[in-house]
Amino acid sequence: MIDITTFGAIGDGTTMNTAAIQAALDQAAKTGGMVQIPDGVFLTGTLVLNGASLHLESGAVLKASGNLEDYPEQPYHHNEMGTLRAMLVNLGHDNVTIEGDGTIDFSGCAFYDMDAWNVPPSKVPFREEQIRECTHPIGTRPAQCLFFHASKNITIRNIRVIDAPCWTLTFSECENVKLTGLTIDTDLNIPNDDGIHICACKGVLISDCHISSGDDCIALSCITNWEKPCEDVVITNCVLRSCSKAIVIGYLYSVVRNVLISNCIIKESNRGFCIMCNDESSLVENVRISNLLIDTKIRAGNWWGNGEPIFMMAMKHDYDIPTEQFPQRKTESAIRNVYIENVTCMGENAMGIYGTDGNIYGVELRHIDYRRKPSANLALKGNVFDFSPGRLEFEVPADCGLFIGGSAEVELEDLRMHSWRVIEE
């Protein structure tokens, strides 16, 4: 172990330790060793791992600076978030572990006006308590917190991660990623503070995690490289709470395949499980989901979702993507071979599966128990599905528990709807 205090790091919560910790990381990168963060609060800006590993002792806090100037631009451009600024960066280095009983605090609230609220248009006026559920306006912030790119054999386990200003843990074009036993807790009013975002990766295990996030808890997409699929992902034994989508697969031109999700509890989430595809050049296939408990709670504010426990959509996404980013492919379908079984839903809105001209097929829902519950916030958007980033406007029939539209091919078995109807368009 290489102790950062031997390089002059001071854990008093006020001394900047970037240089001292970076020196320890540089030493570890040369020898293949591990850097130890001892008990204390160690303030820092950007740290470049370059293949070094970290161990956070009990009582250790690696605390991000609240000053954007402490996050210099890195040699990577993110398709959605632009030039990379992050606290922990690992570009192109393998065999990295971050572990221990300590905490990484990304100081997200320091980059926001916590007394300002971004209140969107709505069908009825917002009450004061609903305004307090809205997002804080986006300002200048580090757009990533922990960012791994083109790296193999990555393990992050047991640590606590809190207060992200934007995406918390991001893995781009990585292979063999294991994320286990994590506690991720971000502010419920900060936009884009996804818990875990997996982009164009292969071979990912996410297990035994507790995630509470203002945005998506776990997202699988190809945002950082539309040409490279995200595949072979297992998500299991997690407890999730999101102001947006607890688990979401796909986005714009993503190709995501071979995903297993099991034994998860989704609670108080704006939307439970979601697949979202563009109507062309995107694909989600070979997904198996079992043994979920889903409870939705509609959040006031500019969050995607509107209380749907299970939702799939395949339609044009209304985003201005530069032509040079378009993937050079066509897909014959958008969503196929998705099997969902043994799910108990308590939702503030109906479930929905909505495609375009039959581009959803091979979907099976079996042994689903759905119950509707009253909602304090459904009236804000109305009794509708939220198709963002699509622009379809659709009123959900009043007695509907599951709506299937757009000529989607769906097989149903043993749906217990408790007086709510399945409606097929």
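The values are calculated or read from the model by the stated rules, or taken from the named source; none is laboratory data. Keep in mind that this is a model prediction, so the values were computed, not measured. Please note: Cβ atoms are built from the backbone with ideal geometry, for glycine as well, and neighbour counts cover all protein chains shown. Keep in mind that these areas ignore ligands, DNA and RNA; they rest on the heavy atoms of the full protein, side chains included. Shrake-Rupley method; radii C 1.70, N 1.55, O 1.52, S 1.80 Å.
Of all DSSP beta bridges located in the chain, what percent are antiparallel, nearest 5? Spell out each step's value before the answer.
Values: 4 of 143 bridges.
Approximately 5 percent, going by the DSSP bridge assignments.
Would you kindly derive the ³J(HN,Hα) couplings of region 282-294 from the backbone phi angles with the Karplus curve 6.51 cos²θ - 1.76 cosθ + 1.60 (θ = phi - 60°), listing them in order in whole Hz, with x for Gly and Pro?
Per residue, the Karplus-derived 3J(HN,Hα) values read 10, 7, 10, 8, 6, 10, 10, 10, 8, 6, 10, 10, 10 Hz.
Starting from the Kirkwood Rh over alpha-carbon pairs, what translational D in µm² s⁻¹ does the chain have by Stokes-Einstein at 25 °C and 0.890 mPa s? Don't jump to the answer; show the numbers that get you there.
Working: Rh = 21.9 Å.
Rounded, D is 112 µm²/s.
Using θ = phi - 60° and the Karplus relation 6.51 cos²θ - 1.76 cosθ + 1.60, list the HN-Hα couplings for region 123-140 in order, rounded to whole Hz, with x at every Gly or Pro.
7, 9, x, 6, 7, 4, 5, 6, 4, 5, 8, 6, 6, 7, x, 6, x, 7
Please list Ile218, Ile10 from largest to smallest accessible area, probe radius 1.4 Å, with all protein chains kept in place. If you can, show how the numbers build up before the last one.
On the way: Ile218 0, Ile10 85 Å².
If we order Ile218, Ile10 from most to least accessible, we get Ile10, Ile218.
Please report the equivalent ellipsoid semi-axes of region 17-131, computed as sqrt(5 x eigenvalue) of the Cα gyration tensor, largest first, in whole Å.
On the way: eigenvalues 232, 65, 32 Å².
Values for region 17-131, descending: 34, 18, 13 Å.
Quick one: accessible surface of His418, probe radius 1.4 Å, all protein chains present, in square angstrom to the nearest 10.
Ignoring ligands and nucleic acids, His418 comes out at about 70 Å².
How big is the dipole moment of region 140-248 about its Cα centre under a simple scheme where the beta carbon of each Lys and Arg is +1, that of each Asp and Glu is -1, and everything else is neutral? Debye, nearest 20, please. Each step should come with its number before you reach the end.
Working: 9 positive and 13 negative charges, 41 e Å.
Here the size comes out at about 200 debye.
For Lys202, what accessible area in Å² do you get when you roll a 1.4 Å probe over the heavy atoms of the protein chains, rounding to the nearest 10?
Rounded to the nearest 10, the figure is 100 Å².
Can you pick out the pairs among Lys202/Lys297; Lys202/Lys330; Lys30/Lys178; Lys63/Lys178; Lys228/Lys381 whose Cα atoms lie more than 27 Å from each other? Display every interim value, and only then the final one.
Numbers: Lys202/Lys297 32 Å; Lys202/Lys330 22 Å; Lys30/Lys178 24 Å; Lys63/Lys178 23 Å; Lys228/Lys381 35 Å.
Beyond 27 Å between Cα atoms: Lys202/Lys297; Lys228/Lys381.
Sort His367, His78 by heavy-atom solvent-accessible area, probe 1.4 angstrom, most to least.
Working: His367 60, His78 0 Å².
Heavy-atom accessible area, descending, gives His367, His78.
Using a 7 Å offset from the Cα along the Cα-to-Cβ direction at both Arg288 and Tyr339, what is the distance between the two label points in nm, to one decimal?
The two pseudo-label positions are separated by 0.6 nm.
How high is the relative contact order of the chain? Use alpha-carbon pairs under 8 Å, at least six apart in sequence, and give a whole percent.
Working: 1362 pairs, mean separation 38.3, N = 425.
Rounded, it is 9 percent for the chain.
Placing +1 at every Lys and Arg Cβ and -1 at every Asp and Glu Cβ, with all other atoms neutral, what dipole size does region 296-425 have around its Cα centre, in debye to the nearest 20? It would help to have the intermediate numbers written out before the result.
On the way: 14 positive and 20 negative charges, 93 e Å.
With only Lys, Arg, Asp and Glu charged at Cβ, the dipole is about 440 debye.
Please work out the C-alpha center-to-center distance from region 168-187 to region 214-285 and express it in whole Å.
13 Å
What ³J(HN,Hα) values, in whole Hz, does the Karplus curve 6.51 cos²θ - 1.76 cosθ + 1.60 give for region 188-195 when θ = phi - 60°, with x put for Gly and Pro?
3J(HN,Hα) across region 188-195, in whole Hz: 6, 10, 9, x, 6, 8, 3, x.
For region 253-296, with all protein chains present and a 1.4 Å probe, just round the carbon and sulfur fraction of the accessible area to a whole percent. Mind dumping the intermediate values first?
Details: 540 of 1220 Å².
Carbon and sulfur together cover 44 percent of it.
Mind listing the long-range amide H neighbours of Gly40? Cut-off is under 5 Å, sequence gap 5 or more, other chains count too, H placed in the peptide plane at 1.01 Å from N.
Residues meeting the amide H criterion: Ala60, Val61.
Search the structure for amide H atoms under 5 Å from the amide H of Asn306, placed 1.01 Å from N in the peptide plane, and list their residues when 5 or more places away or on another chain.
Asp386
Let me cross-check Thr14: its accessible surface, 1.4 Å probe, with only protein heavy atoms counted, in Å² to the nearest 10?
100 Å²
For Lys152, which aspartates and glutamates qualify as cross-link partners when the Cα separation must be under 12 Å and same-chain residues fewer than eight apart are set aside?
The qualifying aspartates and glutamates are Asp94, Glu173, Glu175.
Can you sort Trp167, Trp420 by 1.4 Å-probe accessible area, starting with the largest? Before the final figure, lay out the partial values.
Working: Trp167 5, Trp420 75 Å².
Result, largest first: Trp420, Trp167.
Assigning unit charges at the beta carbon (Lys, Arg +1; Asp, Glu -1) and nothing else, what dipole magnitude in debye, to the nearest 20, does the chain show about its Cα centre?
360 debye
How much accessible area per residue does region 204-337 have, counting only protein heavy atoms and a probe of 1.4 Å, in square angstrom?
Values: 4140 Å² over 134 residues.
I get 31 Å² per residue for region 204-337.
Suppose R0 equals 56 Å; then what is the FRET efficiency for Asn263 and Ile138 from their Cβ-Cβ distance, rounded to the nearest 0.05? The partial results should precede the final answer.
Working: r = 35 Å, r/R0 = 0.62.
After rounding, the FRET efficiency stands at 0.95.
Just the accessible area per residue of region 381-425, please: how many Å² with a 1.4 Å probe? List each step's numbers first, then the result.
Numbers: 2340 Å² over 45 residues.
For region 381-425, the per-residue accessible area is 52 Å².
Near the amide H of Leu56, under 5 Å away, which other amide H atoms are found, from residues 5 or more places off or on another chain, if H is placed in the peptide plane?
Ile37, Glu99, Gly100, Asp101, Gly102
Taking only C-alpha pairs under 8 Å that are 6+ residues apart, what is the relative contact order of region 110-197 in percent? Each step should come with its number before you reach the end.
On the way: 160 pairs, mean separation 25.3, N = 88.
Once divided by the residue count of region 110-197, the mean separation gives 29 percent.
Could you give the angle, 0 to 90 degrees to the nearest 10, between helix 18-31's Cα long axis and the longest principal axis of the Cα atoms of the chain?
The two axes meet at around 90 degrees.
Could you order the peptides 277-287, 128-138 from most to least packed, using the average number of other C-beta atoms within 10 Å per residue? Display every interim value, and only then the final one.
Numbers: 277-287: 22.7, 128-138: 16.2.
Ranking the peptides 277-287, 128-138 by packing returns 277-287, 128-138.
In whole percent, what relative contact order does region 11-124 give with Cα contacts below 8 Å and a gap of six or more residues? Could you put the intermediate results ahead of the total?
Details: 208 pairs, mean separation 28.7, N = 114.
Dividing the mean separation by the residue count of region 11-124 yields 25 percent.
Please report the net charge: other residues with Cβ closer than 13 Å to the Cβ of Phe106, K and R +1, D and E -1. Mind dumping the intermediate values first?
On the way: positive: Lys63, Arg85, Arg141, Arg160; negative: Asp70, Asp105, Asp163, Asp185, Asp187, Asp193, Asp194.
Summing Lys/Arg as +1 and Asp/Glu as -1 gives -3.
Output the antiparallel fraction of DSSP beta bridges having both residues in region 1-125, as a percent to the nearest 5. It would help to have the intermediate numbers written out before the result.
Details: 2 of 23 bridges.
The antiparallel proportion sits near 10 percent.
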